[in-house]
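Q: Got a structure for you, written out below as structure tokens; questions coming shortly.
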Amino acid sequence: MGTLIQNDALTVASITKTIQRYVRYTLGRELHQLDRHDLFTAVALALRETLIDRMHATEERYQAASAKRLYYLSMEFLIGRSLGNNLINLGLIDPFETALRGLGADLEEVREGEFDAALGNGGLGRLAACFLDSLATLDMPGFGYGINYEYGLFKQLIQDGHQVEKPDHWMAEGSPWQIQRDDEACLIPLFGHLAEKDGKQEWVGWNVVIGCPYDMPVVGYGGRTVNWLRLYSARSSQEFDIDIFNAGDYLKAVAQKVRSEKISKVLYPSDSVDQGKRLRLMQEYFFVACAVRDILKRFQSTPGALEQIPDRVAIQLNDTHPALAVAELMRVLIDDHGFSHDRAFDVTRRTLAYTNHTLLPEALEKWPVSLMEKVVPRHLAIIRDVNDGFLEVVRAKWPGDEEKAKHVSIIGEGAENDVRMAHLAIVGTHSVNGVAELHSELIKSDLVPDFYELYPKRFSNKTNGITQRRWLLKSNPELATLVTATIGDDWITNLDALRGLEPHADDAGFQDEFTRIKTANKRTLVRHIKNTTGIEVDPGSIFDVLAKRFHEYKRQLLDVLQIIHEYHQILDGYRPARPKTYIFAGKAAPGYWEAKQIIKLVTSVSAVVNDHEIAGRYLKVVFIPDYRVSLAEKMFPAADISEQISTAGMEASGTGNMKFALNGAMTIGTFDGANIEIREEVGEENIYIFGLTAGEIEELRSSETYDPGAIAAGNPDIERVMNTLRDGTFAPDEPGRFQWIYDKLMSRDDRYFHLADLRSYCDTQRRAREEYENRALWAKKTILNVARIGKFSSDRTIREYATDIWDLKSI
């Protein structure tokens, strides 16, 4: 693992010739006619030849070893751009750079011609992408399954301070990385009804959707192992549609085709209306059904009875979206292979494992029974049978406690007549894991304590991680070069090797170079900010960054309140030693009105603060639109301070905290998610932790003693901040615009406890600002963050999954 294999057949001359061939014979053009995206396509196709060769060689190696395989099912894979990552992992940056220079092109410009693969939204999808990178780097047979979304979540614009959503048609010109596999397409039944036949229930009258697979190669560092991510596009079934067409109902035929192909059209259609809910359920079933068929087809291509599936296959469910895999695998075993229910359940449970990613009960998926009965009637029947067997176990454990049985049932009753997908995932798998130590404990104690009491050995923790190949080697090449020159390159595949930087944390020369690189990265981000927002930012200012999906529990509002407080201090005569730039980025779900209004507040505060004659010299507030992987690669290396300020006990883990620390940013954070473990690793003196603990938050919640009105009344600074939300300071043309925020935060029902933590947060911000002025001390702290972040490599996480859950080996 980790050693770059030789690329003897690839010379600068051969690379040049291959690129020219694709330009002429695939694109049908001459070099001087190409735009940036065209040239990227030609370069990617040239590189793809090597990827495919290595992918075939990898498969031969796995087959020769009769290797057990891991299949990772996820609704999201937030890959970002692939060209740079693939070149780095294959060890081909230099020859490709030289070849392009000879063709009059610049590699960096070519890389900018690639669109971000819009196959995900946030941390869930980025984690999945990091895991695939680690599996390949560790030479493990691990593969992904998902949906080949034609449109991503959306392209975010800011107009008059508001988020505006535009279609993100990233696939408009196709993707040169994708290998279309029409010969491996599968037929997926939907809708229909159940009928009795020979004493058994049979699924009849269904419609068919075709799942067409597209493979994206995933190369590990060193280039020896190339696995794949298989994504399915939905196509209508011509065999059935043509009958309607021939009968003369042309409009119905076209409508049915469009309806079928909607399944892979867009990531996360709104589920606020019934049609959106139905489409979401169809998506989840579609990709799970495609994956299960493909996995079984691969399993059956080699000798072995179906009872041996758990010995040779592991399937990981990334959150509840793929939970229908429990019912689908059972359905195939029962209906297609004659298994009994109990036999099918045993094989399924021993094959599947489930990762939970949320502690918010409302985020745990539930589907109305009536909807499931229409879309997947056979699966609902199987789930009912699973639930019956499960409730027998529950009643044996707690005899006479029918309230307990109702509480843990997979299918709710009465007003909650729905299928609880998290319950199905727990019951139907052999392993349930959280993604940070605190998160995993809260799953057991708060989220599903009854399940933990039933199945204590089923629960474990696997703290999330990130791939250093993407988030340091690729996104911060100057720092990566400095690290390698100082301690060697072992860190690229063994992040714990960064500990070798500790002796250099006090070295003035190393500090100077480390700081110079940080400043250069800030200048790169300054240019992007100017180009996208028009705002001029001082690269010598402190860059305080909050980049993540907008949600009330992530508390972007808390950051804004603190900025308003600092603004007031400057108006009152406070003059900081140096200016500070607060940088926000992130998208709000289109139907999440509150989150979108928080973005409007950020941009409104920005407009007032930045234009103030005095405050604008010391404070800048910036919102960078359209947060995505390629933008994150500019933001993480440039940050001085990383904001991780979610309400304690609500963030499962977070991985942005790890990426910022790896790139030399100091964390300001709460006692939440992986912040706690980062503190343990880097040392409490090298992180700024503030606010209440999860236990203290729960005590406030349960005792109903939280009184934000009293907090504001007892602190004039906080009261002043709150009053600006309703006096029109930041909405002079519409003074009542942010009244709702005032009302919500001053209510005892503010479930995110903003004012409970505000004073502590303001004090911590002040301390960080003061410590920043001791440049040697700050440099030491940030270097130690980099040196001690080794635990948070996704390589470590994958090794733990492989050992404890999957029984997967490196081949």
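Q: What residue, among those in the stretch 476-504 that are touching a residue at least 12 places away in the same chain (Cβ under 8 Å) and not in a helix (DSSP H, G or I), is farthest from the chain's Cα centre (by Cα)?
A: Once the filter is applied, the top-ranked residue is Gly488.
Q: Within the stretch 75-115, can you find the residues that are in contact with an Asp or Glu (Cβ under 6 Å, 6 or more places away or on another chain) and in a helix (DSSP H, G or I)?
A: First, the residues of the stretch 75-115 that are in contact with an Asp or Glu (Cβ under 6 Å, 6 or more places away or on another chain): 80-81, 83, 107.
Scanning the stretch 75-115 gives Leu83, Leu107.
Q: If you go through the stretch 765-811 one residue at a time, how many are within 24 Å of Leu546 (Cβ to Cβ), of a type in the set (Lys, Arg) and surrounded by 14 or more Cβ atoms within 10 Å (Cβ to Cβ)?
A: 5
Q: Scan the stretch 698-722 residue by residue and report those that are touching a helix residue (DSSP H, G or I) at 6+ places or on another chain (Cβ under 7 Å), open to solvent by less than 40 Å² (accessible area, probe 1.4 Å) and not aliphatic (A, V, I, L, M).
A: Matches in the stretch 698-722: Tyr706, Pro708, Asn715.
Q: Out of Pro477, Pro399, Pro449, which single residue is open to solvent by 40 Å² or more (accessible area, probe 1.4 Å) and within 28 Å of Arg775 (Cβ to Cβ)? Before you say what the answer is, go through the steps one by one.
A: Working: Pro399 fails: within 28 Å of Arg775 (Cβ to Cβ); Pro449 fails: within 28 Å of Arg775 (Cβ to Cβ).
On inspection, the qualifying residue turns out to be Pro477.
Q: Search the stretch 727-757 for residues being farther than 21 Å from Gly649 by Cα and in contact with an Asp or Glu (Cβ under 9 Å, 6 or more places away or on another chain), and hand back the single one that is most open to solvent (accessible area, probe 1.4 Å).
A: Pro735
Q: Right, another one. Determine if the stretch 442-450 includes at least one residue that is touching an Asp or Glu at 6+ places or on another chain (Cβ under 9 Å) and acidic (Asp, Glu).
A: Within the stretch 442-450, one or more residues are touching an Asp or Glu at 6+ places or on another chain (Cβ under 9 Å) and acidic (Asp, Glu).
Q: Residues that are among the β-branched types (Val, Ile, Thr), at least 3 per element: which helices (runs of 4 or more DSSP H) completely within the stretch 744-802 meet that?
A: Details: elements: 754-772, 775-787, 794-801.
Of the helices (runs of 4 or more DSSP H) lying wholly inside the stretch 744-802, those with at least 3 residues that are among the β-branched types (Val, Ile, Thr) span 775-787.
Q: Tell me the residue from Arg458, Arg470 that is open to solvent by 30 Å² or more (accessible area, probe 1.4 Å) and at pLDDT 95 or above, please. Spell out the reasoning first.
A: Values: Arg470 fails: open to solvent by 30 Å² or more (accessible area, probe 1.4 Å).
From the options Arg458, Arg470, the qualifying one is Arg458.
Q: Now a separate question. Taking the stretch 298-314, which residues are within 22 Å of Leu135 (Cα to Cα) and either open to solvent by 10 Å² or more (accessible area, probe 1.4 Å) or assigned to a helix (DSSP H, G or I) (or both)? Talk me through it step by step, then tell me what you get.
A: Let us first name the residues in the stretch 298-314 that are within 22 Å of Leu135 (Cα to Cα), namely 298-299, 309-314.
Once the filter is applied, which keeps residues that are within 22 Å of Leu135 (Cα to Cα) and either open to solvent by 10 Å² or more (accessible area, probe 1.4 Å) or assigned to a helix (DSSP H, G or I) (or both), the stretch 298-314 yields Arg298, Phe299, Ile309, Pro310, Asp311, Arg312.
Q: Filter the stretch 341-365 down to residues that are β-branched (Val, Ile, Thr) and out of contact with any strand residue (DSSP E or B) (no Cβ under 6 Å at 6 or more places or on another chain) and give me whichever is most open to solvent (accessible area, probe 1.4 Å).
A: First, pick out the residues of the stretch 341-365 that are β-branched (Val, Ile, Thr): 347-348, 351, 355, 358.
The next check asks that each one be out of contact with any strand residue (DSSP E or B) (no Cβ under 6 Å at 6 or more places or on another chain); those that pass are 347-348, 358.
Numbers: Val347: 2, Thr348: 0, Thr358: 18 Å².
Restricting to residues being β-branched (Val, Ile, Thr) and out of contact with any strand residue (DSSP E or B) (no Cβ under 6 Å at 6 or more places or on another chain), the top hit is Thr358.
Q: If you don't mind, there's one more thing I want to ask. Of all residues in the stretch 432-488, which are hydrophobic (A, V, I, L, M, F, W, C) and closer than 17 Å to Gly664 by Cβ?
A: Residues satisfying the conditions are Ile466, Trp471, Leu472, Leu473, Leu479, Ala480, Leu482, Val483, Ala485, Ile487.
Q: Still on this structure: If you go through the stretch 570-587 one residue at a time, do you hit one that is closer than 26 Å to Leu78 by Cα, open to solvent by 10 Å² or more (accessible area, probe 1.4 Å), not in a helix (DSSP H, G or I) and not aliphatic (A, V, I, L, M)? Explain how you work it out, then say what you get.
A: As a first pass, look at the stretch 570-587 and keep what is closer than 26 Å to Leu78 by Cα: 582-587.
Next, only the ones that are open to solvent by 10 Å² or more (accessible area, probe 1.4 Å) stay: 587.
Among the residues that remain, those that are also not in a helix (DSSP H, G or I) are: 587.
Right, trim to not aliphatic (A, V, I, L, M) and you get 587.
Yes, the stretch 570-587 has at least one match.
Q: Restricting attention to the stretch 52-74, and to residues there that are among the hydrophobic types (A, V, I, L, M, F, W, C) and part of a helix (DSSP H, G or I), which single residue is surrounded by the most Cβ atoms within 10 Å (Cβ to Cβ)? Lay out the reasoning, then the answer.
A: Restricting attention to the stretch 52-74, the residues satisfying the condition of being among the hydrophobic types (A, V, I, L, M, F, W, C) are 52, 55, 57, 64-65, 67, 70, 73.
If we keep only those that are part of a helix (DSSP H, G or I) too, we end up with 52, 55, 57, 64.
Values: Ile52: 14, Met55: 20, Ala57: 13, Ala64: 9.
Within the stretch 52-74, the match that is surrounded by the most Cβ atoms within 10 Å (Cβ to Cβ) is Met55.
The values are calculated or read from the model by the stated rules, or taken from the named source; none is laboratory data. Predicted model, so just to flag it, every value in this text is computed and none were measured. FYI the Cβ positions are ideal-geometry reconstructions off the backbone, even for glycines, and counts take in every protein chain you see. Ligands, DNA and RNA are excluded from the accessible area calculation, which covers all protein heavy atoms including side chains. Shrake-Rupley method; radii C 1.70, N 1.55, O 1.52, S 1.80 Å.
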